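Report on one structure; see the data block that follows.
The values are calculated or read from the model by the stated rules, or taken from the named source; none is laboratory data. None of the values given here were measured: they were computed from a predicted structure. With ideal geometry, Cβ positions are generated from the backbone for all residues, glycine too; neighbour counts draw on all protein chains shown.
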Amino acid sequence: MTGKNTKRANLSDLRKMKERGETQPSFTAEPAPDLPKGFWDDAALVNHTKTKEPISLRVDSDVLEYFKAQGKGHLTRMNAVLRSYVDAQRSKTSDEAADHN
């Protein structure tokens, strides 16, 4: 999508424009709010050490269409569903092991 104010330039042109002071942001960002003390104390890293493996996976076409219909990020959502299942199964297995002890 291009508007009437959109111009094309290569990286070299952009650097020269910046040196001449010809580039300006198209918006003014609000300053970041001051966070209360301890704001990050309960923060936890998510997927900090997990790596993702590229795979080829066959799924039913209606399943794929369902996730795609929800918009961008359908593969991430599919992974989240699988993650939820794995976590539930692991929890179930550990609960059963604890019951036997």
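Of ALA32, ALA88, ALA80, ALA98, which residue is in a helix (DSSP H, G or I), loosely packed, with under 10 Cβ neighbours inside 10 Å, of a type in the set (A, V, I, L, M) and out of contact with any Lys or Arg (no Cβ under 6 Å at 6 or more places or on another chain)?
On the way: ALA32 fails: in a helix (DSSP H, G or I); ALA88 fails: loosely packed, with under 10 Cβ neighbours inside 10 Å; ALA80 fails: loosely packed, with under 10 Cβ neighbours inside 10 Å.
Testing whether each residue is in a helix (DSSP H, G or I), loosely packed, with under 10 Cβ neighbours inside 10 Å, of a type in the set (A, V, I, L, M) and out of contact with any Lys or Arg (no Cβ under 6 Å at 6 or more places or on another chain) leaves just ALA98.
Residues checked against (1) exposed (fewer than 10 other Cβ atoms within 10 Å of the Cβ); (2) at pLDDT 90 or above; (3) more than 30 Å from ASN5 (Cβ to Cβ); (4) not charged (D, E, K, R):
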site	(1), (2), (3), (4)
ARG20	yes, yes, no, no
TRP40	yes, no, yes, yes
LYS50	yes, no, yes, no
PRO54	yes, yes, yes, yes
ASP60	yes, yes, yes, no
LYS72	yes, yes, no, no
LEU75	no, yes, yes, yes
